[in-house]
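Since the structure comes first, as structure tokens, the remarks are kept for the end.
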Amino acid sequence: MDRALEQIVGPAKEAALEVLRHNRRGPCRGLPRTAGWGYPEPYTRDLMIAALGILVSGDLKLVAALRRTLEILARHQSTRGHIPSLVHDPEDRGASDCTPLFLLAAGCFRRATGESSFLAEAVDRALGWMEYQSPADRPLVAQLPTSDWRDEQWVLGYGLYVNAVLYSALRLLGRSEWAEAMADQMGHFTIQGGRQNRHVHEGLALRRKPYYAMWSYKIYRSERFDLLGNSLAVLSGIASPHRSRAMVTWVEAECRSLRRNEELAVSLPPNLFPYIRPDDPDWRDRYRIYNPPGEYHNGGIWPFVCGFYVAACVAAGKMRLARRRLAALTELITPARRRGLAFGFNEWIKAQTGEPMGQDWQTWSAAMYLYAAACVEQERTPFFEDIRNAV
């Protein structure tokens, strides 16, 4: 990392650690907070994603808090292996991504600490739960709409993001046969036309496009670009090196077009594009209030997702771009809605204006900034390096 970039990244990293230390203990049984003020609850998915940044930070107190969080999740696991959506509430269930994220965080924790059997029984139960999450008894897992991190977004059937998380976890946990079968089926094309041959299973690959479908199920699919799911596909090696490079090049070209059309005001990609508009067939009336174009899950800019994108640029071998996008991410995490904060680490940013719209001092925003910075500094992607090397 050159000196100019170090000068802006250094203070931001210290601020990210301050956020995580502030959020380390909250009012719910002393578990970490999801955000500094707005979200006192310990949301499982946020804290499991934050594990990546916590583990590369080297902060022993943060790592200890992560250990306790994982252990409590294991105690609150359902008898069938399902992980709750709130760490402290075993009855709050229904998320499609909390169990695979628990598996990913546990796998990363094992690699970071050398404790190869950490939470072995809970991990085995969680794997058992995931084995039953396919309506067609396939290696890929399916989900219901609004059940993953996008609680205002319809993702139906075989979603890219959840399957990419599970694939990554399986690689870290040594479940190579299942992981290889998943990658093979994700590489199948989505179904074209109005009929599905009973012997042809749908996949997530798109014809004449370098990225993967956001989801597919039978003859249905979404070809909108899911930044988080596709970044994970690059990081985990689901996407080949050639496809990964082509995908990043495509993202940058599409973002230049969005900026020319005044639909994007920052240098980082929206979480979803093209945005869903009222006259589109996948528009839902509720989006008008909660999910307008360029906002929230319908194209908002999420710093934690952009952290994954920076890491994906590193994984794709595009280091110059990764450094530029880390600088852009440093700018993105600066504005705050609360007065007196040097760095906001806000939840999400409106695409058309660059205005912070969510909660400040978001745990996963701070943690994924640390992870993205570590990737650029080391010119490698901790944990995911092991996953790609296992392919």
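The values are calculated or read from the model by the stated rules, or taken from the named source; none is laboratory data. Note that the structure is predicted; figures quoted are calculated from it, not measured. Don't worry about glycine lacking a Cβ; one is built from the backbone with ideal geometry, like all the others, and counts go over all protein chains shown.
Contact annotation: residue pairs with Cβ atoms under 7 Å, 6 or more positions apart or on different chains, pairing a residue in the stretch 61-86 that is among the hydroxyl-bearing types (Ser, Thr, Tyr) with a partner that is assigned to a helix (DSSP H, G or I), are 69/47; 85/44; 85/98. Of the numbered criteria (1) free of Cβ contacts under 8 Å to residues at least 40 places away in the same chain; (2) of a type in the set (Phe, Trp, Tyr); (3) closer than 30 Å to residue 116 by Cβ, the one residue 189 fails is (3). A Cβ distance below 8 Å, combined with a sequence gap of six or more or placement on separate chains, defines the contacts here; from the stretch 365-391, residues that are more than 18 Å from residue 109 (Cα to Cα) reach residues that are among the basic types (Lys, Arg) and buried (at least 17 other Cβ atoms within 10 Å of the Cβ) in the pairs 369/13; 373/13; 376/323; 391/171. The condition of being buried (at least 19 other Cβ atoms within 10 Å of the Cβ), in contact with a Gly (Cβ under 6 Å, 6 or more places away or on another chain) and of a type outside the set (D, E, K, R) holds for only one of 26, 36, 81, that being 81.
Of note, residue 344 satisfies the criterion of being surrounded by 23 or more Cβ atoms within 10 Å (Cβ to Cβ) and not in a helix (DSSP H, G or I).
Sort out for me the helices (runs of 4 or more DSSP H) sitting completely within the stretch 214-325 that have 2 or more residues that are at pLDDT 95 or above and within 25 Å of residue 144 (Cα to Cα). If you could, list the steps in order and put the result at the bottom.
On the way: elements: 227-236, 241-260, 287-290, 303-315.
Passing ranges, in order: 227-236, 287-290, 303-315.
Annotation note: Cβ proximity below 8 Å between a residue of the stretch 141-166 that is at positive phi and a residue that is hydrophobic (A, V, I, L, M, F, W, C) and part of a loop (DSSP other than H, G, I, E, B) (sequence gap 6+ or interchain) occurs for 146/154; 146/155; 157/142. Whenever a residue of the stretch 1-27 is under 18 Å from residue 334 (Cβ atoms), its partners that are at pLDDT below 95 and not in a helix (DSSP H, G or I), lying with C-beta atoms within less than 8 angstrom and at least six residues away or across chains, give the pairs 9/1.
Please state which one of 89, 97 is without any contact (Cβ under 8 Å) to a residue 40 or more places away in the chain and either under 25 Å from residue 306 (Cβ atoms) or surrounded by fewer than 21 Cβ atoms within 10 Å (Cβ to Cβ) (or both). If you could, list the steps in order and put the result at the bottom.
Working: 97 fails: without any contact (Cβ under 8 Å) to a residue 40 or more places away in the chain.
Among 89, 97, only 89 is without any contact (Cβ under 8 Å) to a residue 40 or more places away in the chain and either under 25 Å from residue 306 (Cβ atoms) or surrounded by fewer than 21 Cβ atoms within 10 Å (Cβ to Cβ) (or both).
Checking the condition farther than 30 Å from residue 280 by Cα, over 23 Å from the mean Cα position of the chain (by Cα) and of a type in the set (A, V, I, L, M, F, W, C), which residue from 105, 120, 126 passes?
Details: 105 fails: over 23 Å from the mean Cα position of the chain (by Cα); 126 fails: over 23 Å from the mean Cα position of the chain (by Cα).
The match here is 120.
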